[in-house]
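The values are calculated or read from the model by the stated rules, or taken from the named source; none is laboratory data. Being a predicted model, the structure only gives us computed values, none of them experimental. Neighbour counts are summed over all protein chains in view; Cβ atoms, including those assigned to glycine, are modelled from backbone coordinates with ideal geometry. Accessible surface is based on the protein model in full, side chains and every heavy atom, while ligands, DNA and RNA are left aside. Shrake-Rupley method; radii C 1.70, N 1.55, O 1.52, S 1.80 Å.
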Amino acid sequence: MSMNMQQIVLARHCDGLPVPEDFKIEDAPLPEPGDGEFRIAHIYNSVDPGTRSRLSGSATYAAAQKIGAPMDGFSVGRVEASNHEKYPDGTLVFFAGGWRTHSIHNGKGFIGPVTPGLPLSYWIGVLGVPGLTAYCGLKETAQFRAGDAVLISSAAGPVGATAGQLAKAWGASKVVGIAGSDAKCNWLTEEAGFDVAINYKSVDDLDAAISAALPDGVDLLYDNVGNAMIERVLPKMRLNGRICVAGQVADYSLALEDRPGIRTTTPFITHQIMMRGLVVFYHAKMFSEALQTMAGMIAKGELKLQEERFDGLAAMPEAFCGLFRGENMGRRVVKVGEE
């Protein structure tokens, strides 16, 4: 076994859209576990759009990333050296591992055993943070109700696609998705069961297209895009409508002063609108219910997903940067070790 590991660190703060040169790969000594610890060999790592919010040098809901610090993210891997009775050698786990080939863990925090029977990479996709974000955001943050007319932005991404399918399964009256290509929109309606999908890049008038798809208005907006989308939809919200702010992929790369504002606030009064932000880790009590439910739906073919795989740790920066160019179809995972 090699006595080295590799990791990717932030080489410089991102200015605007991230580029691969903002990151660099480093060799490091293979860490040895101490008492009550274990070493995990990563098999798959994820790239997550929310990471971008920390890469410009200013804090958001998480601390700013320091230059030279290893990149955070989610992983699935195998325990290969253990001083922990609950995690013996060979145990497969999902965990917050980061952009590296090996991690030391103490069994606390975000970590869990992989249930056999489903592909390992699903545990950092629909059964990882994206799926948990969709489930908890819809059920808890947005207080989903059967009969809701639901609008989902960035609907072909792993969070949006999962949220739309869950809404449909739970009795939404209509689920409409907004995505950025005909291929994405076709997948949403033909595979994922959305009622309507709108390609925001090709419609002449997005406001008119949303109104045509949801002529009676929107009960629930599940937003992954940012302020401009919320501002656009606020006048269309129905009485007691709810907005879940799950992500801001269009705003992460903009300086604070360049981000669009939200001006149409009157509906918060007249229509009793509720808008709540979502940090999925605040809903940890719901995780086991969510994972059990979604794993069952996948096994029955009731929850569809798309995955794009990249090979090798060195591919992670480019896989990440492509998220902000709208290139991904579903969840991007990077294979960094042997299954």
Quiz item: What number in nm² do you get for the range 34-97 if you take the convex hull of its Cα atoms and divide its surface by four?
Solution: 5.3 nm²
Exercise. Sorted from largest down, give the three principal axis spans of the alpha carbons of the range 236-295, whole angstrom values.
Key: 40, 33, 17
Quiz item: Placing +1 at every Lys and Arg Cβ and -1 at every Asp and Glu Cβ, with all other atoms neutral, what dipole size does the chain have around its Cα centre, in debye to the nearest 20?
Solution: 720 debye
Exercise. Working from the alpha-carbon coordinates of the range 97-174, get Rg over Rh, Rh being the Kirkwood radius.
Key: 1.07
Self-check item: Rg [Å, one decimal], Dmax [Å, integer] - the chain, C-alpha atoms
Solution: 20.2, 65
Self-check item: Nearest-10 value in Å² for the accessible area of Trp170, using the 1.4 Å probe
Solution: 70 Å²
Exercise. Using only the Cα atoms of the range 265-339, build the gyration tensor, take square roots of its eigenvalues as a ≥ b ≥ c, and label the shape rounded, prolate or oblate: rounded if a/c is under 1.5, else prolate if a/b is larger than b/c, else oblate.
Key: oblate
Practice problem: Give the accessible surface of the chain per residue, rounded to a whole number of Å², with probe radius 1.4 Å and ligands, DNA and RNA excluded. | Solution: 43 Å²
Quiz item: Ordered by residue, what ³J(HN,Hα) values in Hz, to whole numbers, does the range 10-20 give under the Karplus form 6.51 cos²θ - 1.76 cosθ + 1.60, where θ = phi - 60° and Gly and Pro are x?
Solution: 6, 7, 7, 5, 6, 10, x, 5, x, 10, x
Quiz item: Applying the Karplus parametrisation 6.51 cos²θ - 1.76 cosθ + 1.60 with θ = phi - 60° to the phi angles of the range 69-78, what ³J(HN,Hα) value in whole Hz is obtained for each residue in order, glycine and proline being reported as x?
Solution: 8, x, 6, 8, x, 10, 9, 10, x, 10
Self-check item: Fraction of the pair-distance distribution of the range 146-264 above 16 Å, Cα-Cα pairs, percent
Solution: 57 percent
Quiz item: In the chain, which helices (entire DSSP H runs) extend 15 Å or more along their own long axis, judged by Cα positions, while averaging at least 0.5 on the Kyte-Doolittle scale?
Solution: 287-299
Quiz item: Semi-axes of the equivalent ellipsoid of the range 1-148: what are they in whole Å, largest first, if each equals the square root of 5 times a C-alpha gyration tensor eigenvalue?
Solution: 27, 24, 13
Quiz item: Hey, if you drop one equal point scatterer on each alpha-carbon of the range 182-339 and run the Debye formula without solvent, what base-10 log of I(q)/I(0) do you get at q = 0.19 Å⁻¹?
Solution: -1.54
Exercise. Indicate the gyration tensor shape class of the range 63-125 (rounded, prolate or oblate), computed on the Cα atoms with a ≥ b ≥ c the square roots of the eigenvalues: a/c under 1.5 is rounded; otherwise a/b larger than b/c is prolate and the rest oblate.
Key: oblate
